[in-house]
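J.: Structure provided below as structure tokens; questions to follow.
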Amino acid sequence: MSEKRFGSIEAGGTKFVCAVGNEKFKILETSIFPTGEPDKTMAHVKAFFEKHPVDALSIGTFGPVDIDQSSSTYGAILASPKKAWQGFNFIQAVKEWFSGSVFLTTDVNSSTYGEYTMGGAKEDASCVYVTVGTGIGAGVIQNNQFVGGTTHLEIGHGFIHRHEADFDFSGVCPYHGGSCFEGVAAGPSIEARTGISGENLPQDHPVWTIEAYYLAQLAYDLRVNFAPAKIIFGGGVINEELIEKVRIQFEEINAGYVVVPSLNEFIVSSTFEDNASATVGNFALAQKVLNEDNQA
Ligand code: ZN
């Protein structure tokens, strides 16, 4: 039997990343192009996979999106700020030209699965992955299943306790202003306060203390709600100095209450380069859906 090939489609707000991998989830081919109108963008996707055929595909997309496999609108983008994509159904669009197995989840869930299979949580039965970039999102996996009931989690929009030195900042979430994690801790909030992007902000800037306070609350919420073996942070805002600050503030917030492993092992940053966790996660999810379809 010839070796299987797996496809990954990362549908981001500004760019699409298509990739082909082998059974070891090694990236063999990749193509990156800007996110435009659905028809034009999907024509690029189709052309890529016609040139590089695969046995199964997994899509990790921006949301909100219907990820319920039993739903009649499984794969459809819901009330997205990207108006042209509202109501667009990825699964149906891909099935017009691809007859193999297809899986779809959120981009952050794809990254979480990458961490779970090949990344920082590959030895663990459970993990949480948090991305802190233009937005904040988190995926939770327990015993090889995503946690979530009717749809994907929206932990980035959970309510927060504001830092006393940050009361004057009104926040950037269009729905919750400065009352949710995304409103005060995602990349655009750092830039709104300082005029400098998180990637370029000096490490001794006081905003990092505020940022760490919020991410420590998020890590604490994730710990008390899901009790994962590990919490992994990724995304453009994350760096090792920040993670160390998060650990210190986590300890203060927890105040010795919940038992956690050594924080150096419990709260970590992603070891994948160029956010490849989502690509690898999609390869693994494509393999999983192919195996499930073969058994069905
Ligand atoms: Zn919000």
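The values are calculated or read from the model by the stated rules, or taken from the named source; none is laboratory data. Source: prediction; values computed, not measured. We place every Cβ from the backbone using ideal geometry, glycine too, and count neighbours over all the protein chains shown. Calculation scope for accessible area: heavy atoms of the full protein, side chains included, ligands and nucleic acids excluded. Shrake-Rupley method; radii C 1.70, N 1.55, O 1.52, S 1.80 Å.
J.: To check you understand DSSP bridge types, tell me what percent of the beta bridges within the chain (both residues inside) are antiparallel, rounded to 5.
T.: Counting DSSP beta bridges with both partners in the chain, the antiparallel share is about 60 percent.
J.: Let me know the longest stretch in the chain that avoids all chymotrypsin sites (Phe, Trp or Tyr not before Pro) found in a DSSP loop with at most 14 other C-beta atoms within 10 Å.
T.: Excluding the exposed sites themselves, the longest stretch runs over 1-96.
J.: Then there is this: Just to confirm my numbers, what's the Cα centroid distance between segment 1-58 and segment 217-296 in Å?
T.: Between the Cα centres of segment 1-58 and segment 217-296 lies a distance of 25 Å.
J.: Taking the simple approach of a point 7 Å from Cα along Cα-to-Cβ for both Glu29 and Ser179, what is their distance in nm?
T.: For the pair Glu29/Ser179, the computed spacing is 4.9 nm.
J.: When ligands, DNA and RNA are left out and all protein chains stay put, how many square angstrom of accessible area per residue does the chain have with a 1.4 Å probe?
T.: 47 Å²
J.: Can you count the Lys pairs in the chain whose Cα atoms are under 13 Å apart, with each pair 8 or more apart or on different chains?
T.: Here the count comes out as 7.
J.: On to the next question. Rounding to the nearest 20 debye, state how big the charge dipole of segment 172-296 is about its Cα centre with +1 on each Lys and Arg Cβ and -1 on each Asp and Glu Cβ.
T.: So the magnitude is around 300 debye.
J.: Do me a favour and compute the ellipsoid semi-axes for the chain from its Cα gyration tensor, root of five times each eigenvalue, largest one first, whole Å.
T.: Taking √(5λ) for each Cα gyration eigenvalue gives 33, 21, 17 Å.
J.: A further question follows. Which number do you get for Rg(Cα) / (2.2 N^0.38 Å) in segment 170-296?
T.: Taking N as the residue count of segment 170-296, the ratio is 1.23.
J.: In nm, to one decimal, how far is the modelled label at Lys122 from the one at Asn144, with both set 7 Å along Cα→Cβ?
T.: That separation, rounded to one decimal, is 1.7 nm.
J.: Are there any helices in the chain, counted as whole DSSP H runs, that stretch 24 Å or more along their axis by Cα and score at least 1.0 on average by Kyte-Doolittle, and if so which?
T.: none
J.: Considering the options Phe98, Gly119, Gly183, tell which one lies farthest towards the positive end of the dipole of segment 92-210, charges being +1 on Lys and Arg and -1 on Asp and Glu at the Cβ, about the Cα centre.
T.: The one lying farthest along the dipole's positive direction is Phe98.
J.: So, one more: Arrange the residues Val172, Val268 by how much accessible surface each exposes, largest first, with a 1.4 angstrom probe.
T.: Val172, Val268
J.: Show that you can apply the helix-only estimate: for the chain, add -39,500 (n - 2.57) for every DSSP H stretch of four or more residues, divide by all residues, and state [θ] at 222 nm to the nearest 500.
T.: It comes out at -10500 deg cm²/dmol, rounded to the nearest 500.
J.: Roughly how many percent of the accessible protein surface of the chain is carbon and sulfur, given a 1.4 Å probe and a whole-percent answer?
T.: The computed percentage sits at 50.
J.: Now for a different question. From the residues Gly36, Val54, Pro64, which one has its Cα farthest along the dipole of segment 28-75 in the positive direction, the dipole being from +1 and -1 charges on Cβ of Lys/Arg and Asp/Glu about the Cα centre?
T.: Positive-end residue among those listed: Gly36.
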